[in-house]
There are 2 protein chains.
Amino acid sequence: MPKRQSRSNDRRRDILQAALRAFTEHGLSATTVEMICEGSGASVGSVYHHFGNKIGVATALYQQGLEEHFDALHARATAAEDARGVIAALIESFIDWTTENPDWARFIFAVRADMMQSEAAEKLTAANKERVKALRDLLAPHVEQGHIRQLPFELYQPLIHGPVLTYVRAWLAGRTASAPTEHRETFVQAAWRAVGNE
Amino acid sequence: MPKRQSRSNDRRRDILQAALRAFTEHGLSATTVEMICEGSGASVGSVYHHFGNKIGVATALYQQGLEEHFDALHARATAAEDARGVIAALIESFIDWTTENPDWARFIFAVRADMMQSEAAEKLTAANKERVKALRDLLAPHVEQGHIRQLPFELYQPLIHGPVLTYVRAWLAGRTASAPTEHRETFVQAAWRAVGNE
DNA sequence: TACTTTCTAGAATAGGATTCTAAATGCCAA
DNA sequence: TTGGCATTTAGAATCCTATTCTAGAAAGTA
């Protein structure tokens, strides 16, 4: 690996890490670019060189998080053996990623709206479409085989993910005593009752 | 009603309305206080007099929306005749309020995180505790009578509301073809399957 | 080594939130 | 009705911070 790239990547990574710490502590709008510089050792110019602007830093963090999570989810769901296994994979990989990266997850939930109003909105929407399509492909065969109820597609995500999503958000906000990991089975079961055919 | 108060209230109302329009169009951070002034006819001083700062305006809008929605929900749930009726009331009043006030609802979802990092966080959290408690009181008798499954309390909200909540968010973001009103029964049924005892 | 591209620094600029002072308005008591 | 007090409004001045800009350092290339 060439030295320049590696130094450059290090800087990028340091900036992202410092930014996540700052966003976590102060929130997106209250963290200043200066804080990010102090936390990362980078200069203002460097931050702008790599990310364009403050929202650019947030966007990179956001995108990268979604990708990382989705890749894990996809791998797991693909490996599942039956319909219920796919559902379980979706829910459990969500629980795992968010509990392993609570700050990152909290950040993503917090800024989703801001992202969708930023310049990057289009790009993010496109990437999201891809992921939705991939999900559709994961479910389709099981729907055809009658193991999952036939429903308007846009209902699957809410019915399957809605409860965990809501619970995880509450947990990340500190409004919940027990961690999501303790209710895996409850959420899988609820999802299965909602969309499974049995 | 004294004239002064009424003029003052009018101004408050005008500012809030203009602010919601601006927030809807540009997002919280991109709307300037000047936009709010132009949209409402109020001066900078007036806005600051009534709301303290820009986030203060957003906070008022946020609080007022939650209250309005909760009052409707509570009235409806109280009037319900059985356990399933309570569940249905929770879900349907949520659907109704959000579809009747889409901009307001979209705003509330978008800024929840910002609110929780503002000065008003404590106050908002306290108000929320009240509402959660009221919900608990609504469900408790039916749990005791065995019509609703006994579960850790913090699971009810996700299991009951999670799916609609997720769907409504998607709909408000334009990611959904059909309105939530068309799936009332689906969501009530899913909630009932998740927590009902039958 | 000379030349090009990428990256970093940090000072200068610009935009907008917030503060501040003065004035207008409304209320109340005499 | 008037004078005094509290509330509300105006808008200019201030301050903070995102962003831009220019110069120079570092790395890559031939």
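The values are calculated or read from the model by the stated rules, or taken from the named source; none is laboratory data. Just so it is clear, the structure is predicted and the values come from calculations on it, not from any experiment. Quick reminder, even Gly has a Cβ in these numbers, built from the backbone with ideal geometry, and neighbours come from all protein chains shown.
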Can you pull out every residue in the range A:133-154 that is touching a residue at least 40 places away in the same chain (Cβ under 8 Å) and farther than 18 Å from residue A:84 by Cβ?
A:134
Among the listed residues A:91, A:108, A:87, which satisfies the condition of being in the same structural domain as residue A:142 (by TED's automatic domain parsing), part of a helix (DSSP H, G or I) and more than 15 Å from the chain's Cα centre (by Cα)?
A:87
Name the residues in the range B:28-84 that are on the phi > 0 side of the Ramachandran plot and either in a helix (DSSP H, G or I) or more than 11 Å from DNA strand C (Cβ to nearest atom) (or both), would you?
B:41
Any pair with Cβ under 7 angstrom, 6 or more apart, that starts in the range B:165-188 at a residue that is at the interface with another protein chain (Cβ under 8 Å from one of its Cβ atoms) and in a helix (DSSP H, G or I) and ends at one that is of a type in the set (D, E, K, R) and buried (at least 16 other Cβ atoms within 10 Å of the Cβ):
B:170/A:154
Counting only residues that are of a type in the set (D, E, K, R) and surrounded by 18 or more Cβ atoms within 10 Å (Cβ to Cβ), how many does the range B:142-198 have?
1
Identify, please: which residue in the range B:111-121 is part of a loop (DSSP other than H, G, I, E, B) and crowded, with 19+ Cβ neighbours inside 10 Å and is, among those, nearest to the other protein chains (Cβ to nearest Cβ)?
B:118
Taking residue B:8 as the residue in question, decide whether it is under 22 Å from residue B:110 (Cβ atoms), at pLDDT below 95 and either within 9 Å of DNA strand D (Cβ to nearest atom) or crowded, with 16+ Cβ neighbours inside 10 Å (or both).
no
